[in-house]
Structure formats: C-alpha cells, structure tokens
1. All but one of (1) under 21 Å from L233 (Cβ atoms); (2) surrounded by 21 or more Cβ atoms within 10 Å (Cβ to Cβ); (3) within 16 Å of the ligand (Cβ to nearest atom) hold for H86; which doesn't?
2. Could we say that V76 is among the hydrophobic types (A, V, I, L, M, F, W, C), buried (at least 21 other Cβ atoms within 10 Å of the Cβ), under 27 Å from N206 (Cα atoms) and in contact (Cβ under 8 Å) with a residue 60 or more places away in the chain here?
3. Hey, could you check the stretch 111-124 for residues that are touching a Lys or Arg at 6+ places or on another chain (Cβ under 8 Å) and within 15 Å of the ligand (Cβ to nearest atom) and say which is farthest from L32 (Cα to Cα)?
4. Right, G94: modelled with pLDDT under 95, touching a Lys or Arg at 6+ places or on another chain (Cβ under 8 Å), more than 28 Å from R171 (Cα to Cα) and within 16 Å of the ligand (Cβ to nearest atom) or not?
5. Determine whether V162 is surrounded by 16 or more Cβ atoms within 10 Å (Cβ to Cβ) and free of Cβ contacts under 8 Å to residues at least 40 places away in the same chain.
6. Could you look through the stretch 14-73, keep only residues that are surrounded by 14 or more Cβ atoms within 10 Å (Cβ to Cβ) and among the acidic types (D, E), and pick out the one that is farthest from the ligand (Cβ to nearest atom)?
Amino acid sequence: MNKLISKQSFNLRSVSRVIKGVPTTDGAGVELTRVIGQPALPLLDPFLLLDAFRSDKPEDYIAGFPPHPHRGFETVTYLLAGRMRHKDNAGHEGVIEAGGIQWMTAGKGIVHSEMPEQENGLLEGFQLWVNLPAEHKMDQPQYQEYSTAKIPLETREEGVEVRVITGVTSRNTQGPVFQPLTEPIYLDVRMPAGQLFTEQLPATHNAFVYVIQGPVSLNNEDGQTIQLMRDDLAVLTNGDAVELRAENKDTHFLLIAGKPLNEPVARGGPFVMNTKAEIDKAFRDYESGNF
Ligand code: MN
C-alpha cells in the first residue's frame, strides 16, 4: 500500500465487479461495445450508458449517427483517435478531434447528428450518458466543448499523466467541464510500468475504471489483487480514495465518478426521463416537431 495513503488512513475503494462490454450496433450501423446500459450493468447511477468504439475498418463506423433526438440527460463524447463532426437543430456544429471532449446537455430536447469526419484510419473513443435530475431534465440544451489543448495535463513525479476533463484532482488540477448537478469526475490516466496512481474521490460518488491498456491492478473486497485487462470496466466499492498499480507494462485507463441521483429511471430509446408518461410525451413532442 502507498505510504501516503496509509498514513492518512483513507478508506480505499476496491473492485466490486468486473464487467465486459457486449458488441452491438447503433446509429446507421456503427459497430461498438456497450459497457454500461446492457444486461450485466444496466445503470451505474448517474451513468446511463457507456459505449466504447475502436476500429480501423471504415465499414464499422462510416455510416455514423444521422440526425436523432435526445431528451433528459447528457451525452459525452471523448475521442482518442479520429475525427467526428456533430451538428444539431439549435445551430451548433463542430468537429471533435483526438483528445477532445464534447459534453452535450440535451435537456428538454435536441436533434443532432454525429458523423465520422474521416474515410479511413482508426476511430477510437467513448460515449458516456450522464443522467440529469428530474428538476433539470427540461432545461435548455447546452454544450461544453474542449479540444485536447484546452484539457489540463497533470504530470506527477513518477511519470503518471492525468488529463483532467472534469472534476478536480487531489493535486488541484481542475478540468474545464462544469456540471454541479452530478459533480462528475472524468480522468484519462497514463501510468508507466511499475508505478502507482492514488487519487481521492468523493465518498458519495459512484465510480468506475475503464481500461484502455492493461493490465491495471487493484484489490477486490477480499483484499486479493485483481488484474484488469484491456476493455474491462471495474465498478468500485464505496470509499474516499482509489489506488491502482501498473505491473510490468505502461497502462492507460479512464477513472470516472459521479454523484448518484437516486431517482426513478424511465428509458425510451434516445430519451431518459423519470416516468413512462414523460417518455411518451418525449416521443409525441419529437414527432410533432417540438424539439
Ligand atoms: Mn446522439
């Protein structure tokens, strides 16, 4: 155990479950892996969905996501490689490039498209859906978009590099995305072989690790070491800190946490509300052109 952590007697989080994503197709025929929002992990409050995509075969991604609506939550797109163009019915348009984030608050309704801005090469990234509390589901849509140059990189002495998209680290690096409703933390961490990454997390948050390049080690609830491999999602137990280790390889992972809403969740395709009646209304509003 890391000396600093043990001295301060933090309650370390451990792994409660390891989840593998399931291959699925969405949009106009995009091949992706659904990790949150599938039978093994329907919800990790406030996170409704996590899709991972990684392909250098254009036929897997070229069809993209033509215009479609959302209501009641936020879609968060983070690219590791490639380019995606987004455009919506509120006049917002832009291209997300490698290392860039788009944090879109759909609120009461948006119709947007998300299309690859490339005809070949690797497209790799994630889409995370973050729920909104009932009283803010019908807010006006909002965007927070930051290119890789606008995302702070915290470099620690052991060579650990932390890109801070949202939240503040224990070393006071503040990410640019602001969302006080769920207080999300979204960190992209690179940890060299043989190193340790320790970070405090609010005890009330739900948290997970998604491994981009493993193995990454941490303990399970029985104190045994679990090795997380590429594309594993580890749901973390409650606690106020997390400690991850890289063994003999350089590693890369996401550490994501958010404040649970503890509200009923009603889903209807691209809409996520609190009740079935609100989902029905979302479909009626969309079909009647009220988005
Ligand atoms: Mn969408």
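The values are calculated or read from the model by the stated rules, or taken from the named source; none is laboratory data. Fair warning: this is a prediction, and the values are worked out from it, not measured in the lab. Reconstructed Cβ throughout: ideal geometry from the backbone, glycine too, with neighbour counts over all protein chains shown.
1. (1)
2. Details: among the hydrophobic types (A, V, I, L, M, F, W, C): yes; buried (at least 21 other Cβ atoms within 10 Å of the Cβ): yes; under 27 Å from N206 (Cα atoms): yes; in contact (Cβ under 8 Å) with a residue 60 or more places away in the chain: yes.
Yes: the conditions hold for V76.
3. Pass one, the stretch 111-124, residues touching a Lys or Arg at 6+ places or on another chain (Cβ under 8 Å): 112-118, 122-124.
In the following step, the residues that additionally are within 15 Å of the ligand (Cβ to nearest atom) were identified as 112-116.
Working: H112: 19, S113: 17, E114: 14, M115: 14, P116: 14 Å.
It comes out as H112.
4. Numbers: modelled with pLDDT under 95: yes; touching a Lys or Arg at 6+ places or on another chain (Cβ under 8 Å): yes; more than 28 Å from R171 (Cα to Cα): yes; within 16 Å of the ligand (Cβ to nearest atom): yes.
The answer is yes for G94.
5. Numbers: surrounded by 16 or more Cβ atoms within 10 Å (Cβ to Cβ): yes; free of Cβ contacts under 8 Å to residues at least 40 places away in the same chain: yes.
Yes: the conditions hold for V162.
6. It comes out as D45.
A quick yes/no check of all residues on (1) in contact with a Leu (Cβ under 9 Å, 6 or more places away or on another chain); (2) among the hydrophobic types (A, V, I, L, M, F, W, C):
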{"residue": "T225", "(1), (2)": "yes, no"}
{"residue": "R230", "(1), (2)": "no, no"}
{"residue": "A246", "(1), (2)": "yes, yes"}
{"residue": "D250", "(1), (2)": "no, no"}
{"residue": "F253", "(1), (2)": "yes, yes"}
{"residue": "E263", "(1), (2)": "no, no"}
{"residue": "T275", "(1), (2)": "no, no"}
{"residue": "Y286", "(1), (2)": "no, no"}
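Here's the yes/no breakdown for (1) crowded, with 21+ Cβ neighbours inside 10 Å; (2) within 19 Å of the chain's Cα centre (by Cα); (3) acidic (D, E); (4) within 22 Å of A234 (Cβ to Cβ):
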{"site": "L123", "(1), (2), (3), (4)": "yes, yes, no, no"}
{"site": "Q140", "(1), (2), (3), (4)": "no, no, no, no"}
{"site": "Y146", "(1), (2), (3), (4)": "no, yes, no, no"}
{"site": "F208", "(1), (2), (3), (4)": "yes, yes, no, yes"}
